[in-house]
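Chemist: Got a structure for you, questions after.
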Protein chains: 2
Amino acid sequence: MFTTPQEAEQAFYQALRQADLALMMRVWADDEDIVCIHPGGVRVAGHVAVHDAWQQIFNNGPVVINPVQPLIMSSVMSSVHVLIEQITVKMAQGPKTANCYATNVFHKGRSGWKMVMHHASHAPQDVDILGLEDRPDTLH
Amino acid sequence: MFTTPQEAEQAFYQALRQADLALMMRVWADDEDIVCIHPGGVRVAGHVAVHDAWQQIFNNGPVVINPVQPLIMSSVMSSVHVLIEQITVKMAQGPKTANCYATNVFHKGRSGWKMVMHHASHAPQDVDILGLEDRPDTLH
């Protein structure tokens, strides 16, 4: 049981790094309304479809992924996180890191904080997005 | 003032179709936490940066856009909508329609329902994503 959205999000990225499908599905709310969009992929909705999409990804093994620079908007029972995912992929020429933007939404229910939505998409590769001062608290 | 997230979302797409920057900014919450990601673009955060990003888009005139197949997750003071945006662009060879996935998040505050997050990204162009039965209520 996750008592904060941050805990749930940590478990989400741990599940990715360990290709741990059981942990991944404990992060998600157990209902038909959940939605997941992987980078370049189609929208999948509902517990079974989301489970199957992660299983397909985890069939390729653990994902080397590092979430950075989160922007967080919190409401009473809901928390919205928009962050940069640094994903490292093994290529013939050596490891290559690509950046994605991810929006993660968590809702608070009877069983604590659970993910209800994950939308990830490729960030522009020709821009140093980690160097952008795109967080209002970094502007002055 | 928008009394439901649906009203706010309708105004959002009306603002796009009319290139109406004032209406667009009435849809967004007036605070520093808002975040916007346009398809293929960089993350922008805060009222000023979001305003400037829309101004740049509206400099090219109205956007022919049709939101379809929404999936909606509601919480007490928050509503998350994941939908398909059909965007028609004028090309030399004639109009071309491309599909994007968009996640729109609305929060309820003292001034009604306001958008706090918009994340749009290109959907796969080689898949008939409108024909996918990706809504659990269409499965049987």
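Chemist: Condition first: within 19 Å of A:LEU130 (Cα to Cα) and touching a Ser or Thr at 6+ places or on another chain (Cβ under 7 Å). Now tell me which residues in segment B:1-53 satisfy that.
Modeler: B:PRO39
Chemist: Working only within segment A:88-127, note down all residues that are of a type in the set (Gly, Ala, Ser) and either surrounded by 14 or more Cβ atoms within 10 Å (Cβ to Cβ) or assigned to a strand (DSSP E or B) (or both). Working first, answer last.
Modeler: Taking segment A:88-127 first, the residues of a type in the set (Gly, Ala, Ser) are A:92, A:94, A:98, A:102, A:109, A:111-112, A:120-121, A:123.
Matches in segment A:88-127: A:GLY94, A:ALA98, A:ALA102, A:GLY109, A:GLY112, A:ALA120, A:SER121, A:ALA123.
Chemist: Kindly establish whether B:VAL80 is in a loop (DSSP other than H, G, I, E, B) and within 14 Å of chain A (Cβ to nearest Cβ).
Modeler: No, not satisfied.
Chemist: Going by the structure shown, is B:GLY131 out of contact with any Ser or Thr (no Cβ under 8 Å at 6 or more places or on another chain), surrounded by fewer than 11 Cβ atoms within 10 Å (Cβ to Cβ) and at positive phi?
Modeler: Here the answer is no, as B:GLY131 does not meet what is asked.
Chemist: All but one of (1) touching a residue at least 24 places away in the same chain (Cβ under 8 Å); (2) surrounded by 19 or more Cβ atoms within 10 Å (Cβ to Cβ); (3) facing another protein chain (nearest Cβ under 9 Å) hold for B:GLN69; which doesn't?
Modeler: Every condition holds for B:GLN69 apart from (2).
Chemist: For segment A:32-45, state whether one or more residues are among the charged types (D, E, K, R), under 25 Å from B:ASN104 (Cα atoms) and assigned to a loop (DSSP other than H, G, I, E, B).
Modeler: Checking segment A:32-45: at least one residue is among the charged types (D, E, K, R), under 25 Å from B:ASN104 (Cα atoms) and assigned to a loop (DSSP other than H, G, I, E, B).
Chemist: Name the one entry in A:ALA92, A:ALA102 that is modelled with pLDDT under 95 and either more than 11 Å from the chain's Cα centre (by Cα) or hydrophobic (A, V, I, L, M, F, W, C) (or both).
Modeler: Values: A:ALA102 fails: modelled with pLDDT under 95.
Only one candidate passes the filter, namely A:ALA92.
Chemist: Could you tell me which numbered condition B:CYS36 fails, if it satisfies all but one of (1) over 18 Å from B:ALA120 (Cβ atoms); (2) crowded, with 20+ Cβ neighbours inside 10 Å; (3) in contact (Cβ under 8 Å) with a residue 60 or more places away in the chain; (4) within 11 Å of another protein chain (Cβ to nearest Cβ)?
Modeler: (1)
The values are calculated or read from the model by the stated rules, or taken from the named source; none is laboratory data. In this text, all values refer to a predicted model and were calculated from it rather than measured experimentally. Positions of Cβ are backbone-derived with ideal geometry, glycine not excepted, and every protein chain shown enters the neighbour counts.
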